[in-house]
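The values are calculated or read from the model by the stated rules, or taken from the named source; none is laboratory data. Just so we're clear, the structure is a prediction, and the values are computed from it rather than from any experiment. Methodologically, a virtual Cβ is constructed for each residue, glycine included, from the backbone with ideal geometry; neighbour enumeration extends over all protein chains shown. Side chains are part of the model used for accessible areas, which takes the heavy atoms of the whole protein and leaves out ligands, DNA and RNA. Shrake-Rupley method; radii C 1.70, N 1.55, O 1.52, S 1.80 Å.
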Amino acid sequence: MDTAGDNRGRITVIGIGPGAESMMTLQALRALDQADVIVGYSVYLDLLGERFRGKEMLSTPMKQEAERCRMCFEEAAKGKNVAMVCSGDAGIYGMASLMFEIGEGYAGGAEIEILPGITAASSGAAVLGAPLNHDFCVISLSDLLTPWELIEKRLRAAAAGDFAIAIYNPSSKKRHDYLKKACDILMEIVEAERVCGYVRSIGRDGEEYRTCSLAELRDAEVDMFTTVFIGNSQSRISGGRMITPRGYVI
Ligand code: SAH
């Protein structure tokens, strides 16, 4: 509810899905249509395409996430309805929590609404087949905000729990060997033949996927636009696609 008596705009944090407009929710599209200003990392603003070209757009370079959130509060204080866009889901390695945290520093803040989007684990799984169709977990290999020791601990715990795993941020310019390191850790517990797959540029031009073994994944070339899937002990290839059965007797 709007705070009575002030003309602050609202902030809507929007997960725009993997890229294609058809993979955005209607709710997200409506919120963008209604926004006075759209804030986001420039790559995501570009992904929005022609439909929102006429809108005021504000951006900051990568790694200036806090600044981007502050921008939203400043614009909302002017009475504008602000849409902040994130790829996938804003609450999964996105800006949703940071927006709340930054809001704590603004007296009166602004009304914040979070609109979910299709996260890369879901959209990438659909490309591969059904690799996450049982208990699974999501682990990011980015150690920018998380100590690498904790990432290792979570990888080992996921392997010990026989979870299927979706890996985000498998690589970057500075972290080109992180997937290799992660596979080595998993192979302490998981067999080298474990079914894996990866999808690049989900929902965008050049989308491609591959299935492989864990040992092959170790040496795969992946980039920051790739999401990686590690099967559980029951995962297998069916007709060229990666599946993790739920266990139905057929
Ligand atoms: N909030 C996003 C995740 C951001 S973290 C979401 O919910 O999807 C960035 C990582 O997400 C990338 O390194 C990659 O692993 C994954 N990712 C996001 N969009 C992707 C896409 N279109 N194709 C492949 N991977 C993607």
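Listing for the model above:
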| read-out | value |
| --- | --- |
| Meets criteria (touching a residue at least 12 places away in the same chain (Cβ under 8 Å), in contact with a Phe, Trp or Tyr (Cβ under 9 Å, 6 or more places away or on another chain) and more than 19 Å from ILE112 (Cα to Cα)) for LEU45 | yes |
| Pair list, Cβ under 9 Å, 6 or more apart: segment 8-32 residue without any contact (Cβ under 8 Å) to a residue 40 or more places away in the chain, other residue among the charged types (D, E, K, R) and within 16 Å of the ligand (Cβ to nearest atom) | LEU29/GLU21 |
| Qualifying residue in segment 231-239 (condition: among the aliphatic types (A, V, I, L, M) and either open to solvent by less than 20 Å² (accessible area, probe 1.4 Å) or in a helix (DSSP H, G or I) (or both)) | no |
| Members of segment 188-217 that are under 18 Å from PRO131 (Cα atoms), under 23 Å from the mean Cα position of the chain (by Cα) and of a type outside the set (A, V, I, L, M, F, W, C) | GLY197, TYR198, ARG200, SER201, GLY203, GLU207, GLU208, TYR209, ARG210, THR211 |
| Conditions (1) away from the ligand (no atom under 16 Å from the Cβ); (2) in contact with a helix residue (DSSP H, G or I) (Cβ under 6 Å, 6 or more places away or on another chain); (3) modelled with pLDDT of 90 or more; (4) of a type in the set (A, V, I, L, M): number failed by ALA110 | (3) |
| Conditions (1) in contact (Cβ under 8 Å) with a residue 24 or more places away in the chain; (2) of a type in the set (Ser, Thr, Tyr); (3) more than 16 Å from ALA158 (Cα to Cα): number failed by SER233 | (3) |
| Candidates MET62, MET95, filtered to the one that is within 30 Å of ALA182 (Cα to Cα), within 15 Å of the ligand (Cβ to nearest atom) and modelled with pLDDT under 95 | MET62 |
| Qualifying residues in segment 156-185 (those that are touching a Leu at 6+ places or on another chain (Cβ under 6 Å) and over 18 Å from ARG200 (Cβ atoms)) - the one nearest to the ligand (Cβ to nearest atom) | ALA164 |
